[in-house]
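What follows is a set of notes on a single structure, which appears directly below.
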Amino acid sequence: MKKTISFKGTPVTIEDKLNVGDVFPNFRAVTKTLSEFELEDYKGKKIIVNTFPSVDTGVCALQTINFNKEVRDLADTVVITVSKDLPFALGRFCADKEINNAITVSDYKYRDFENNNGLLVEELGLLTRSVFVLDENGVIRYKEVLEEIGEEPDYTAALDALKKL
């Protein structure tokens, strides 16, 4: 379903395909080390899927840093951050910010994420800001797609949903 959100107050369009209760579609991506990533390799774990336009913006960096910190002591839990940043930028960012608990992946090569899940900002060619919490079977238990891309997600609500699993 096409949906209008905003970027710095300007209307932009995304396709919002996913709902709470859906199984989150598998996708292929590339990690910061240029290795292959597939979501299905993490079945059996609780997952936060964290998407944003670029790690080179303040809010996107905060989003990754906060989720990285919050999951460090949670068993069988993984944070997967998805953007269209090149793997080299992801690697630099993770090294600079000591991101050790989140898996950062890029949708630049295969575009599986944008094709399978939507969330591509048509006018920018970048992913929008969103957070999904998946249970061990890959079912979406929490979803937040921000109406304004420049705002931070509701970390507390996402983490509360995660802790209820």
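The values are calculated or read from the model by the stated rules, or taken from the named source; none is laboratory data. Just so we're clear, the structure is a prediction, and the values are computed from it rather than from any experiment. All Cβ positions, glycine included, derive from the backbone under ideal geometry; neighbour counts span all protein chains shown. We work out accessible area using only protein heavy atoms, side chains counted, and drop any ligands, DNA or RNA first. Shrake-Rupley method; radii C 1.70, N 1.55, O 1.52, S 1.80 Å.
Only one of (1) over 16 Å from Phe24 (Cα atoms); (2) open to solvent by 10 Å² or more (accessible area, probe 1.4 Å); (3) outside any loop (DSSP other than H, G, I, E, B); (4) of a type outside the set (Asp, Glu) fails for Thr104. Which number is that? The single condition Thr104 does not satisfy is (2). Of all residues in region 121-132, those being within 15 Å of the chain's Cα centre (by Cα) and either of a type outside the set (A, V, I, L, M, F, W, C) or farther than 21 Å from Ala61 by Cβ (or both) number 3. What is the residue count in region 37-92 for residues that are assigned to a strand (DSSP E or B), farther than 11 Å from Val105 by Cβ and modelled with pLDDT of 95 or more? So the count comes out to 3.
Scanning region 16-36 for residues that are outside any loop (DSSP other than H, G, I, E, B) and at pLDDT below 95 yields a total of 2. Picking from residues in region 72-90 that are farther than 18 Å from Val121 by Cα and out of contact with any helix residue (DSSP H, G or I) (no Cβ under 8 Å at 6 or more places or on another chain), the one that is surrounded by the most Cβ atoms within 10 Å (Cβ to Cβ) is Leu90.
Look at (1) within 13 Å of the chain's Cα centre (by Cα); (2) among the polar types (S, T, N, Q); (3) surrounded by fewer than 20 Cβ atoms within 10 Å (Cβ to Cβ) and you find that Asn117 fails only one, number (3). Give the residues of region 21-36 that are closer than 28 Å to Asn100 by Cα, in contact (Cβ under 8 Å) with a residue 60 or more places away in the chain, of a type outside the set (D, E, K, R) and open to solvent by 40 Å² or more (accessible area, probe 1.4 Å), sorted by residue number. Across region 21-36, the qualifying residues are Val23, Asn26.
Quickly run through region 88-147 and pick out the residues that are of a type in the set (Asp, Glu), farther than 15 Å from Leu34 by Cα and in contact with a strand residue (DSSP E or B) (Cβ under 8 Å, 6 or more places away or on another chain). Scanning region 88-147 gives Asp112, Glu114, Glu122, Glu123, Asp135, Glu136, Glu144, Glu147. Only one entry of Ser54, Ser130, Ser106, Ser35 meets the criterion of being under 18 Å from Leu18 (Cβ atoms) and small (Gly, Ala, Ser), and that entry is Ser130. With respect to being under 21 Å from Tyr155 (Cα atoms), touching a Phe, Trp or Tyr at 6+ places or on another chain (Cβ under 7 Å) and modelled with pLDDT of 85 or more, Val131 falls outside the description.
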